1. Any residue in segment 54-67 that is β-branched (Val, Ile, Thr) and modelled with pLDDT of 90 or more?
2. Of (1) among the aliphatic types (A, V, I, L, M); (2) within 30 Å of ARG10 (Cα to Cα); (3) loosely packed, with under 13 Cβ neighbours inside 10 Å, VAL122 satisfies all except one. Which?
3. Taking only segment 114-136 into account, find how many residues are at pLDDT 80 or above and either in contact with a strand residue (DSSP E or B) (Cβ under 7 Å, 6 or more places away or on another chain) or not small (Gly, Ala, Ser) (or both).
4. Please tell me if GLU87 is touching a strand residue (DSSP E or B) at 6+ places or on another chain (Cβ under 6 Å) and surrounded by 10 or more Cβ atoms within 10 Å (Cβ to Cβ).
5. In segment 58-81, which residue that is basic (Lys, Arg) and without any contact (Cβ under 8 Å) to a residue 24 or more places away in the chain is nearest to GLU14 (Cα to Cα)?
6. Between LEU74, LEU59, LEU100, which is in the same structural domain as TYR15 (by TED's automatic domain parsing), out of contact with any Leu (no Cβ under 6 Å at 6 or more places or on another chain) and of a type outside the set (D, E, K, R)?
7. Tell me, which residue of segment 19-57 that is of a type outside the set (Gly, Ala, Ser) and in contact (Cβ under 8 Å) with a residue 40 or more places away in the chain is farthest from THR5 (Cα to Cα)?
8. Please go through segment 91-109 and give me each residue that is touching an Asp or Glu at 6+ places or on another chain (Cβ under 9 Å) and either loosely packed, with under 10 Cβ neighbours inside 10 Å or within 26 Å of LEU74 (Cα to Cα) (or both), ordered by number.
Amino acid sequence: MTQITEKQRRFADEYVKSGNISASYKIAYNNVKKDSAARASGSRLLTNANVRSYIDERLEQLKKESIAEQDEILQFLTSVMRGEYTEQIPVGIGEGAQQLEDKDTYLKDRVKAAELLGKRYVMWTDKQQVENITPVFVEDVPDED
């Protein structure tokens, strides 16, 4: 990571959370009270190459943590299809009371997971790729004949 001060780091972390320059600056530098001063100083901080690099690194790290990768999605769909997941559903126990019980994955959910996996692997398609070859005629007969 890049070398920035503790206050710059606090500003950058708050800016990543909220996207608000002046509020982030006022949290990191609590001696600043005016919004206009905080906005101007925060904008100046955002032009600092080290702060900008730190913010970009944090955003990339958060993006990697929050978005499922292709392998993770395929593993989840496979687990659902195989019935390895259970769902908690409310079940009445009398007099209006309910409790949660584990239930195997519904068949329709397992079929949908299998369908999505099948689409991923192009297991069934209605379209067929046909290569159309058009003959090219060349007139190479002399005019004298």
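The values are calculated or read from the model by the stated rules, or taken from the named source; none is laboratory data. Please read all numbers here as calculations on a predicted model, not as lab measurements. We place every Cβ from the backbone using ideal geometry, glycine too, and count neighbours over all the protein chains shown.
1. So far as segment 54-67 goes, yes, one or more of its residues are β-branched (Val, Ile, Thr) and modelled with pLDDT of 90 or more.
2. Single failed check for VAL122: (2).
3. Result for segment 114-136: 11.
4. Yes.
5. LYS63
6. The match here is LEU59.
7. GLU57
8. Hits for segment 91-109 are ASP102, LYS103, ASP104, THR105, TYR106, ASP109.
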